[in-house]
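Shown next, in structure tokens, is the structure this report addresses.
The values are calculated or read from the model by the stated rules, or taken from the named source; none is laboratory data. All figures in this text were calculated on a predicted structure; none of them were measured in a lab. Cβ coordinates were reconstructed from backbone atoms using ideal geometry, including for glycine residues, and neighbour counts include every protein chain displayed. Surface areas here come from the heavy atoms of the whole protein model, side chains and all, with no ligands, DNA or RNA. Shrake-Rupley method; radii C 1.70, N 1.55, O 1.52, S 1.80 Å.
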Amino acid sequence: MMIENPPAEVSGDVLMLGTSPYPVYLLKGEGAGVLVEGTIGAMGPMVAEQLEKFGVPLGYVRRVLVTHAHPDHVMALPMFRNLFPGAIFTASELAAKTLQVEKAVGFFAKIDGMLTESLLKSGVIGERHRPTASVGATIPIDETVVEGDTIETAGLSLKVMATPGHSDCSTSFFEPGRRILVSADVTPYYISAHDYWWPNYFTGYAAYVASMERMAALDAEVVCLGHTATIRGADEAKGFFQRAMAATEAYHGRIVSEAKAGRPAADIANGLADEVFEKLPPLLPLDFFQKNCGLLVKQSLKHAGVATS
Ligand SMILES: [Zn+2]
């Protein structure tokens, strides 16, 4: 089953909060919980509201896990600091380092401001969800983790896996006892209304596919995606990963064959950007997608050893 409309109880152990494009997860442990995803600023006030609705006291959240340092995965952290003053904020070493770079955080804040305005305009959020916490020059992380670490917290045992390809700092977490997988942006951005997959191998095609294969082999019962949905059920998870991999290979194949047919790289990228842009709600400008599709074309051609024109 694909759960796409938070807030929702995914299972006895997992709450899906936030909104469909920007979900946040609460993993329930023994007497305390772990909040997963740093998400966008506007989800700060929304998550507070949703926790209250589910009767979860703010003090229950003892840890906040960050999957990677992209603007749509870290900008609620300043608000989460205010909401959960006792919580430990955890991210990969690489992500923590990026969040110490003032220029990066400044750029993230700009994108976040744009997202707040367009979400307000589209009615997905209300004025009360406008982020109130001021974002500092950097976003501090308390504890860093690397591949092979296990985070033991509230009876949960979260295995840390470096899963690069989407970003160099991408990190996934797996709780083997409860078979809960936090897979971040390891799989394509899935738009169910159009059954459309937008692969996001911004930093490496081969690494992205390898990370996806590794996630698929875990046999998770619940897969907490970085965007749009949660998958519940081992068979559904398996099917989801299979389709995600096939879609990624097809997307890559398309780029490579168009380039081999002589279509200029920028042209391919703009075509792909138009395609995804028209399927998504208008949250970000077209040039955001052109830039990102440009990275996909670059990575595909690099992987295939095709010279760019
Ligand atoms: Zn991302």
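Just a few scattered comments:
- Of the numbered criteria (1) open to solvent by 20 Å² or more (accessible area, probe 1.4 Å); (2) in contact with a His (Cβ under 9 Å, 6 or more places away or on another chain), the one PHE108 fails is (1).
- Of all the listed residues (ALA244, ALA234, ALA304, ALA261), the sole one being under 29 Å from MET1 (Cα atoms), modelled with pLDDT of 95 or more and open to solvent by 30 Å² or more (accessible area, probe 1.4 Å) is ALA234.
- Qualifying residue in segment 81-91 (condition: touching a Ser or Thr at 6+ places or on another chain (Cβ under 9 Å), touching a residue at least 24 places away in the same chain (Cβ under 8 Å), farther than 27 Å from THR187 by Cβ and open to solvent by 20 Å² or more (accessible area, probe 1.4 Å)): yes
- Options LEU272, LEU283; residue that is among the hydrophobic types (A, V, I, L, M, F, W, C), touching a Pro at 6+ places or on another chain (Cβ under 8 Å) and on the phi < 0 side of the Ramachandran plot: LEU283
- Matching residues in segment 207-216 - criterion: being open to solvent by 10 Å² or more (accessible area, probe 1.4 Å) and in contact with a helix residue (DSSP H, G or I) (Cβ under 9 Å, 6 or more places away or on another chain): VAL209, GLU213, ALA216
- Of all the listed residues (GLY204, GLY271), the sole one being free of Cβ contacts under 8 Å to residues at least 40 places away in the same chain and surrounded by 15 or more Cβ atoms within 10 Å (Cβ to Cβ) is GLY271.
- Condition check for ALA193: at pLDDT below 95 and away from the ligand (no atom under 16 Å from the Cβ): yes
- Under the condition of being away from the ligand (no atom under 16 Å from the Cβ), of a type outside the set (A, V, I, L, M), over 24 Å from VAL222 (Cα atoms) and surrounded by 18 or more Cβ atoms within 10 Å (Cβ to Cβ), the residues counted in segment 33-79 number 2.
- The residues on offer are GLY165, GLY148, and the sole one that is surrounded by fewer than 19 Cβ atoms within 10 Å (Cβ to Cβ) and of a type outside the set (A, V, I, L, M, F, W, C) is GLY148.
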